[in-house]
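Only one structure is covered here, and it is reproduced in the block below.
The values are calculated or read from the model by the stated rules, or taken from the named source; none is laboratory data. In this text, all values refer to a predicted model and were calculated from it rather than measured experimentally. Positions of Cβ are backbone-derived with ideal geometry, glycine not excepted, and every protein chain shown enters the neighbour counts.
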Ligand SMILES: Cc1cc2nc3c(=O)[nH]c(=O)nc-3n(C[C@H](O)[C@H](O)[C@H](O)COP(=O)(O)OP(=O)(O)OC[C@H]3O[C@@H](n4cnc5c(N)ncnc54)[C@H](O)[C@@H]3O)c2cc1C
Ligand code: SF4
Ligand code: FES
């Protein structure tokens, strides 16, 4: 199939970017990123500069790939990362617009590559259990109900890709942050420092320049891992109770 | 002349580690604060080591080329992690895990290291639970287990099909905590390009800031390599696209030895290659072989008809199918170990019976399993077990509950629905047992240079058992290195911090810069990618699933010729001092060329078949692998040599606690 690609080109974070138009011949079996590989190969053959885009596992688990395809983070398919998207969902003659995730807290570094280190700093603010190596009791001394383990797992399956931020009209990081807060506060191991954690993580989130949540829920719709907005409600409850509790746990 | 000393402690196998721990030199807390450690890598091994060392009080600098430590390749591991907890009361023990691992590795690993691994395995699970890793649970709230990879006990802990992800997130969180406390300085988007030695000891690294392209020097008292495996030397593998050998290889070029580089694991159930643009291969979990039957058509006319799409596999009559694993290995059938299943698939495809366009695929069929489960379900719920529609519906449900996510992945990639038509699968490179040679302390032959995780030659001998890589990475990082690193650092408590302005740093940095400029200045006609693909094919053809002397020699010649062309005809766009992914690829491929050659040399030296290494010259009458313990019970540790052939050092393997046996699955 013959496709027209409109792709974002931007030298670095200091310069302005613009769209470039390229024609390409693709086959239905290719993945979307393989289609971009082919484009880059063609550009290199002509001694041009390939488009920079990020990727690694190419199976939807590392959270590295990040691009907005025809206005949607990770493209048109639900519960699918860009690297899992295949060209059979497109047809001959289609035009595809490809641009980086857009958010103030995710500055563009080059072409389709953005800086998502703000997410690391949110985790560093408190997204952990304070237990050092060697301090752990026997694994079975902490019994956890199957359902609770399942819910914690669901929240913990966030891949940190940032599509939720890119999808949100306010570029809010509530879905990402709340997924981590829920994961840990569902489990007895994580509850001990729950109040402190939620306050610190929310404060860091605000400091990084992410927007507020206005309950649009575009995040949930675009999240490739199906992280539920219920996590946001849960985090809000925990945040308020942490703020009203007088003792700073 | 290097003398290999594994530094195995004295005493009975079950007491070595305990005694070692109680008699080793310790570093006092106030001294730890003065000692700096560089860790390269944030996979399970690197993240767990960084966190644990920082908790102990060392000053840690951690590097990853990823944009975040959480993206390391470990994230993709699916099946689970082993531990000798014996929660099932099924007779598991430290000794049994030790025994299974040595046997599974086809008797090419070091007993003392493997025993220690089995000993600390239980602590790993406890640690991960305490961190909040959401392992699967039983109804009563206790940890669930499953069995994995042909062992007789249930010792694999898991978190749905995403165990690696959950374990890595746990280690990443522990690391993040240490970053927030100021105990770890985290360098994302920094690629280590060389080791710096001062007076023969590893005292720092040169890394490239991948955003600016600047080369930067970092000094420390010692360096830990946790950079993962090198399966991507074959270009196509199940590894993440950016996994590579460069950190380990640069260490090797600075005097560390590379051990058993030809030991690569090929996983039998991966989604086959569909076109020349293909960038990677996706693993379909081993667990599928519990219910799927592997087959190819008997008749060539059926093969041709399915290839061209004129015939559907479900329309091929039962008597025209060759369930070749069940035929050749009646005792184990579809559940033979990874290496055996892989070679059998290659054999039938070499005969021309592969079932996709390229002829490199076999069927993995769930039809019988669906009917079998369906009948049982129908029977137990009082429905008619003879009614096809009901049975099929019920059976599909059972299969969905067991393998739903895998079937979904398969359908996403191929567009085929495996509930209706058999999957097509083919073996792919998956894991590398070879790696930097280390002693009991996990130290390479360069003092102060340590290697952990998949990057070392590890505890898996010639073949790794399922769910044992995650165990080893975390054992090394949480529970072994934090002790053993003290043997080196305890001698350094009075050594002040090293300055990165030392001439050794300047010199090494210049060498790195020259190397990168050399690649940029070739300005030839071919892309880096095209060379990598071709290199991968050479290795796959001549140093892949089965190897022979003639092929290996030919492969080496082809590889050398291609390498020569690479250095005269590669085109690397862009500049040194900018964000330049093509330059990153070029340095990796340059190192893969050298490693690839060493793999061939190693495979040629080892004229026996063991584990993942199958030499056609060394097989039984019925074409099974034949080990040669008399001549090859050693670790082959190689020194690279730019001027001539690599130099071999042998570490003899002594088995005092496990009897050497021939594996048989007939
Ligand atoms: C698809 C798949 C499924 C698997 N499933 C299982 C399973 O179920 N159970 C099991 O036990 N094992 C499994 N394995 C194997 C296991 O995942 C790996 O062996 C293990 O995760 C390796 O961990 P590591 O920490 O050694 O390295 P990695 O996780 O590969 O980490 C390497 C790190 O080093 C960094 N790095 C590398 N080079 C440099 C450099 N030059 N400069 C800076 N940083 C560098 C990288 O950025 C990364 O952070 C699986 C493997 C694959 C491919
Ligand atoms: S919540 Fe979903 S969209 Fe947001 S970072 Fe996590 S996986 Fe990505
Ligand atoms: S490349 Fe890993 S999620 Fe897409």
### Task
Scan A:119, A:128 and give me the residue that is within 16 Å of ligand 3 (Cβ to nearest atom) and either crowded, with 22+ Cβ neighbours inside 10 Å or assigned by TED's automatic domain parsing to the domain that holds residue A:226 (or both).
A:119
### Summary
Scanning segment A:154-173 for residues that are away from ligand 1 (no atom under 16 Å from the Cβ), on the phi < 0 side of the Ramachandran plot, buried (at least 22 other Cβ atoms within 10 Å of the Cβ) and more than 7 Å from every other protein chain (Cβ to nearest Cβ) gives A:155, A:158, A:161, A:163, A:164, A:165, A:166, A:167, A:168, A:172, A:173
### Query
Taking segment B:72-90 on its own, how many of its residues are at the interface with another protein chain (Cβ under 9 Å from one of its Cβ atoms) and not in a loop (DSSP other than H, G, I, E, B)?
3
### Task
Sort out which residues of segment A:25-58 are buried (at least 22 other Cβ atoms within 10 Å of the Cβ) and assigned to a strand (DSSP E or B), and write them in order of number.
A:31
### Query
Quick check: anything in segment B:219-235 within 14 Å of chain A (Cβ to nearest Cβ), over 30 Å from residue B:467 (Cβ atoms) and over 15 Å from the mean Cα position of the chain (by Cα)?
no
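Looking only at residues that are part of a loop (DSSP other than H, G, I, E, B), within 16 Å of ligand 2 (Cβ to nearest atom) and more than 15 Å from residue B:240 (Cβ to Cβ) in segment A:59-70, which one is farthest from the chain's Cα centre (by Cα)? Give the derivation first.
Within segment A:59-70, the first condition is being part of a loop (DSSP other than H, G, I, E, B), and the residues that meet it are A:59-67, A:70.
When the remaining residues are screened for being within 16 Å of ligand 2 (Cβ to nearest atom), the result is A:59-67.
Narrowing further to those that are more than 15 Å from residue B:240 (Cβ to Cβ): A:66-67.
Values: A:66: 8, A:67: 10 Å.
Of everything passing the filter in segment A:59-70, A:67 is farthest from the chain's Cα centre (by Cα).
In segment A:77-91, how many are over 15 Å from residue A:33 (Cβ atoms) and either within 16 Å of ligand 1 (Cβ to nearest atom) or more than 13 Å from chain B (Cβ to nearest Cβ) (or both)? Outline the logic, then answer.
Keep residues of segment A:77-91 that are over 15 Å from residue A:33 (Cβ atoms), which gives A:78-79, A:91.
Add one more test, that the residue is either within 16 Å of ligand 1 (Cβ to nearest atom) or more than 13 Å from chain B (Cβ to nearest Cβ) (or both), and what stays is A:91.
Residues that pass the stated criteria total 1.
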### Where a residue in segment B:236-260 is in contact (Cβ under 8 Å) with a residue 40 or more places away in the chain and its partner, wherever it lies, is within 16 Å of ligand 2 (Cβ to nearest atom) and part of a helix (DSSP H, G or I), with Cβ under 7 Å and at least six apart
B:240/B:76
### Task
Exactly one condition in (1) within 16 Å of ligand 1 (Cβ to nearest atom); (2) surrounded by 24 or more Cβ atoms within 10 Å (Cβ to Cβ); (3) more than 30 Å from residue B:67 (Cα to Cα) is not met by residue B:84; state its number.
(2)
### Query
If residue B:194 satisfies every condition in (1) within 12 Å of ligand 1 (Cβ to nearest atom); (2) more than 14 Å from chain A (Cβ to nearest Cβ); (3) in a loop (DSSP other than H, G, I, E, B) but one, which is the exception?
(3)
### Task
Look through segment A:75-91, keep the residues that are within 16 Å of ligand 3 (Cβ to nearest atom) and part of a loop (DSSP other than H, G, I, E, B), and return whichever of them is surrounded by the most Cβ atoms within 10 Å (Cβ to Cβ).
A:81
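Considering only segment A:92-100, I want to know if a residue exists there that is away from ligand 2 (no atom under 16 Å from the Cβ), within 12 Å of chain B (Cβ to nearest Cβ) and either at pLDDT 95 or above or assigned to a loop (DSSP other than H, G, I, E, B) (or both). Lay out the reasoning, then the answer.
Initially, segment A:92-100 is screened for residues away from ligand 2 (no atom under 16 Å from the Cβ), giving A:92-99.
Filter once more, keeping what is within 12 Å of chain B (Cβ to nearest Cβ): none.
Within segment A:92-100 (the criterion being away from ligand 2 (no atom under 16 Å from the Cβ), within 12 Å of chain B (Cβ to nearest Cβ) and either at pLDDT 95 or above or assigned to a loop (DSSP other than H, G, I, E, B) (or both)), the answer is no, since none of the residues qualifies.
Just one of B:123, B:113 is in contact (Cβ under 8 Å) with a residue 40 or more places away in the chain and within 10 Å of chain A (Cβ to nearest Cβ); which is it? I'd like the intermediate steps shown before the answer.
Values: B:113 fails: within 10 Å of chain A (Cβ to nearest Cβ).
Sole residue among the options that is in contact (Cβ under 8 Å) with a residue 40 or more places away in the chain and within 10 Å of chain A (Cβ to nearest Cβ): B:123.
Name the single residue, out of those in segment B:275-298 being part of a loop (DSSP other than H, G, I, E, B) and under 12 Å from residue B:425 (Cα atoms), that is modelled with the lowest pLDDT. Don't jump to the end; show me each part of the working.
Looking only at segment B:275-298, we keep the residues that are part of a loop (DSSP other than H, G, I, E, B), and these are B:275-282, B:284-285, B:291-292, B:298.
Still in the running and under 12 Å from residue B:425 (Cα atoms): B:281-282, B:284-285, B:292.
Numbers: B:281: 95, B:282: 94, B:284: 91, B:285: 86, B:292: 94.
The extreme case among them is B:285.
How many residues, within segment B:386-413, are without any contact (Cβ under 8 Å) to a residue 12 or more places away in the chain and either farther than 30 Å from residue A:85 by Cβ or crowded, with 17+ Cβ neighbours inside 10 Å (or both)? Write out each step before concluding.
Keep residues of segment B:386-413 that are without any contact (Cβ under 8 Å) to a residue 12 or more places away in the chain, which gives B:386-389, B:401, B:404, B:408, B:411-412.
From the residues that got through so far, the ones that are either farther than 30 Å from residue A:85 by Cβ or crowded, with 17+ Cβ neighbours inside 10 Å (or both) too are B:386-389, B:412.
Looking only at that region, the number is 5.
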## Note on the structure
Of the residues in segment A:108-131, those that are within 7 Å of another protein chain (Cβ to nearest Cβ) and over 22 Å from residue B:187 (Cα atoms) come to A:129, A:130, A:131
### Residue within segment A:180-196 that is away from ligand 2 (no atom under 16 Å from the Cβ), under 26 Å from residue A:141 (Cβ atoms) and away from chain B (no Cβ under 14 Å) present
yes
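Looking for whichever is modelled with pLDDT of 95 or more and in contact with a helix residue (DSSP H, G or I) (Cβ under 8 Å, 6 or more places away or on another chain) here; the options are A:54, A:41, A:20, A:29. Which one fits? Quick ask: steps written out before the conclusion?
Details: A:54 fails: in contact with a helix residue (DSSP H, G or I) (Cβ under 8 Å, 6 or more places away or on another chain); A:20 fails: in contact with a helix residue (DSSP H, G or I) (Cβ under 8 Å, 6 or more places away or on another chain); A:29 fails: modelled with pLDDT of 95 or more.
Just a single option satisfies the conditions, and that option is A:41.
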### Query
If you take the residues in segment B:1-26 that are modelled with pLDDT under 95 and in contact with a helix residue (DSSP H, G or I) (Cβ under 7 Å, 6 or more places away or on another chain), which one is farthest from residue B:647 (Cα to Cα)?
B:26
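Restricting to segment B:44-71, give me the number of residues that are in a loop (DSSP other than H, G, I, E, B) and either more than 30 Å from residue B:238 (Cβ to Cβ) or more than 16 Å from ligand 3 (Cβ to nearest atom) (or both).
First pass over segment B:44-71, keeping only residues in a loop (DSSP other than H, G, I, E, B): B:57-58, B:64-68.
With either more than 30 Å from residue B:238 (Cβ to Cβ) or more than 16 Å from ligand 3 (Cβ to nearest atom) (or both) added as a condition, the list becomes B:57-58.
Going through segment B:44-71 one residue at a time, the tally reaches 2.
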### Message
Quick check on residue B:255: is it on the phi > 0 side of the Ramachandran plot, surrounded by fewer than 24 Cβ atoms within 10 Å (Cβ to Cβ) and either within 16 Å of ligand 3 (Cβ to nearest atom) or assigned to a loop (DSSP other than H, G, I, E, B) (or both)?
### Response
yes
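Any residue at all in segment A:61-74 that's surrounded by fewer than 23 Cβ atoms within 10 Å (Cβ to Cβ), facing chain B (nearest Cβ under 7 Å) and at pLDDT 95 or above?
No, the conditions are met nowhere in segment A:61-74.
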### Task
May I ask you to list the residues in segment A:163-211 that are out of contact with any helix residue (DSSP H, G or I) (no Cβ under 7 Å at 6 or more places or on another chain) and under 12 Å from residue A:129 (Cα atoms)?
A:188, A:192, A:193, A:196
### Query
Inside segment B:126-175, can you point out the residues that are more than 7 Å from chain A (Cβ to nearest Cβ), within 16 Å of ligand 3 (Cβ to nearest atom) and within 23 Å of residue A:130 (Cα to Cα)?
B:164, B:168, B:172
### Query
For segment A:135-153, which residues satisfy the criterion of being over 13 Å from residue B:123 (Cβ atoms), facing chain B (nearest Cβ under 7 Å) and touching a helix residue (DSSP H, G or I) at 6+ places or on another chain (Cβ under 9 Å)?
A:140, A:142, A:143, A:144, A:149, A:152, A:153
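May I ask you to list the residues in segment B:25-43 that are in contact with a strand residue (DSSP E or B) (Cβ under 9 Å, 6 or more places away or on another chain) and in a helix (DSSP H, G or I)?
Within segment B:25-43, the first condition is being in contact with a strand residue (DSSP E or B) (Cβ under 9 Å, 6 or more places away or on another chain), and the residues that meet it are B:32-42.
The one that is in contact with a strand residue (DSSP E or B) (Cβ under 9 Å, 6 or more places away or on another chain) and in a helix (DSSP H, G or I): B:32.
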### Message
One residue is enough: does segment B:597-606 have a residue meeting the conditions assigned to a loop (DSSP other than H, G, I, E, B), away from chain A (no Cβ under 14 Å) and over 30 Å from residue B:188 (Cα atoms)?
### Response
yes
### Message
Which condition from (1) part of a helix (DSSP H, G or I); (2) buried (at least 24 other Cβ atoms within 10 Å of the Cβ) is the one that residue B:17 breaks?
### Response
(2)
